[in-house]
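Participant: Below you will find the structure I want to go over with you.
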Amino acid sequence: MAPTTAKQWTVEGKDGFESLKLNEKAAVPQLGDKDVLVKMHAASLNYRDLIIPKGKYPFPMKDGVVPGSDGAGTVEAVGAQVTRFQPGDKVVTLFNQGHLAGSLTPTEVGTGLGGVLDGTLREYAKFNEQGLVKSPENLNFFEASTLTCAGLTAWNALYGLESRSLKPGDWVLTQGTGGVSIFAVQFAKAAGAKVIATTSSQEKGDMLKKLGADHVINYKENPNWGEAAKSLTPGHEGVQHVIEVGGPTTMAQSLKAVRIDGVISIIGFLGGFSKDQPTFLDCLNNLCTARGILVGSRLQFEDMNRAIEANDIHPVVDEKVFDLDHLKDAYEYMWDQKHFGKLCIKIA
């Protein structure tokens with residue numbers, strides 16, 4: 001039986017990480033007929049989580065929200081009409097709780113955990129049964145907690161545009177060593193694709209090669225890495241997929257790397273903003289598709305989990321794990337970019 005109170009973080013204001021407040025005796029949610037109560041065991045952080053308390057998140061959110069979108073746990077109890085889960089099941093959260101299949105709708109954009117809806121950084125959490133998936137059987141709770149955003153975003157980038165979905169022998173360009181980029185390396189290699197990865201250091205480059213990257217380009221040593229990537233592909237035609245996480249500061253090089261009819265999946269803007277960013281006409285000049293992505297659907301999540309089990313893929317988790325009481329320290333650690341792969345929180 002679940003207790004009546006439990007630990008829970010909330011975001012109170014926009015004053016940076018000091019806006020994170022811990023309530024050690026928050027009420028455990030009561031279940032409706034279609035709800036599932038999950039005992040959270042692990043969560044993982046995203047860049048989005050860091051900018052919400054700083055007031056820099058551009059999408060809908062509510063005051064006093066429980067932060068965190070990514071989490072894994074065990075079903076503690078279910079509502080009277082729940083059919084998808086039973087107590088004891090190991091589950092992972094879906095980011096946009098309403099996005100079950102197909103394209104996002106404006107309504108579904110407003111169902112993001114840790115923004116509009118209360119998230120995962122608490123000991124017990126309530127979700128509608130539609131907003132959970134079963135965890136891959138080959139993963140532990142920390143690994144499973146990384147799938148919600150980074151894993152599913154990478155999967156959507158490679159497979160979400162069905163007419164251009166990843167095929168064996170395709171070439172994929174990834175940027176850096178963040179969660180989405182590392183997942184993209186792993187998924188691409190499992191599919192029989194070739195991977196060119198960019199990074200900023202020899203040490204990170206060595207880690208990317210261990211994960212299967214076929215070529216690594218140091219973008220600090222070679223600022224014209226887009227052309228360098230294209231030169232590595234057969235016939236110098238370019239890559240079929242670019243996982244674009246830098247945004248305005250890296251898009252020009254991504255356009256140089258992509259082949260005719262290739263896809264640039266725009267994930268974020270980690271590189272900040274730039275006045276000299278490319279225009280829509282550059283997509284015409286390069287005859288490519290630039291596609292914005294906001295994570296993915298539950299149907300895609302279930303497809304991804306089958307691939308993770310079939311190929312025994314294990315997410316890369318940073319060696320340092322923080323407990324729930326030291327959440328602010330975890331935010332600082334990630335903000336200072338001290339992590340490699342996904343940064344996880346131990347909840348229970």
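The values are calculated or read from the model by the stated rules, or taken from the named source; none is laboratory data. All figures in this text were calculated on a predicted structure; none of them were measured in a lab. Note: ideal-geometry Cβ built from the backbone for every residue, glycine included; neighbour counts use all protein chains shown.
Participant: Looking only at region 39-64, which residues are part of a strand (DSSP E or B) and either farther than 19 Å from Ile347 by Cβ or within 21 Å of the chain's Cα centre (by Cα) (or both)? Before you say what the answer is, go through the steps one by one.
Facilitator: First, pick out the residues of region 39-64 that are part of a strand (DSSP E or B): 39-44.
Result: Met40, His41, Ala42, Ala43, Ser44.
Participant: Of everything in region 1-59, what is of a type in the set (Phe, Trp, Tyr) and touching a Phe, Trp or Tyr at 6+ places or on another chain (Cβ under 7 Å)? Give them in sequence order. Talk me through it step by step, then tell me what you get.
Facilitator: Taking region 1-59 as the starting set, the residues that turn out to be of a type in the set (Phe, Trp, Tyr) are 9, 17, 47, 57, 59.
Within region 1-59, just Phe17 meets the criteria.
Participant: Name the strands (runs of 3 or more DSSP E) wholly within region 258-348 that hold at least 1 residues that are among the aliphatic types (A, V, I, L, M) and modelled with pLDDT of 95 or more? Give the derivation first.
Facilitator: Numbers: elements: 258-266, 289-292, 317-323, 342-346.
Strands (runs of 3 or more DSSP E) meeting the threshold: 258-266, 317-323, 342-346.
Participant: Scan region 1-35 for residues that are under 12 Å from Tyr124 (Cα atoms), assigned to a strand (DSSP E or B) and among the β-branched types (Val, Ile, Thr) and report the count.
Facilitator: The total comes to 1.
Participant: Okay, next question. Could you list, in sequence order, all residues of region 160-176 that are buried (at least 19 other Cβ atoms within 10 Å of the Cβ) and either more than 20 Å from Met251 (Cα to Cα) or in contact with a Gly (Cβ under 7 Å, 6 or more places away or on another chain) (or both)?
Facilitator: Hits for region 160-176 are Gly160, Leu166, Asp170, Gln175.
Participant: Can you name the residue in region 284-335 that is within 19 Å of Val180 (Cα to Cα) and hydroxyl-bearing (Ser, Thr, Tyr) and, of all such residues, is surrounded by the fewest Cβ atoms within 10 Å (Cβ to Cβ)?
Facilitator: The selected residue is Tyr333.
Participant: Thr153 - would you say it is hydroxyl-bearing (Ser, Thr, Tyr), part of a helix (DSSP H, G or I) and surrounded by fewer than 24 Cβ atoms within 10 Å (Cβ to Cβ)? Talk me through it step by step, then tell me what you get.
Facilitator: On the way: hydroxyl-bearing (Ser, Thr, Tyr): yes; part of a helix (DSSP H, G or I): yes; surrounded by fewer than 24 Cβ atoms within 10 Å (Cβ to Cβ): no.
So Thr153 fails the test.
Participant: Turning to a different aspect of this structure: So is Val172 in the same structural domain as Leu324 (by TED's automatic domain parsing), of a type outside the set (S, T, N, Q), in contact with a helix residue (DSSP H, G or I) (Cβ under 7 Å, 6 or more places away or on another chain) and outside any loop (DSSP other than H, G, I, E, B) or not? Walk me through how you get there before you give the answer.
Facilitator: On the way: in the same structural domain as Leu324 (by TED's automatic domain parsing): no; of a type outside the set (S, T, N, Q): yes; in contact with a helix residue (DSSP H, G or I) (Cβ under 7 Å, 6 or more places away or on another chain): yes; outside any loop (DSSP other than H, G, I, E, B): yes.
Here the answer is no, as Val172 does not meet what is asked.
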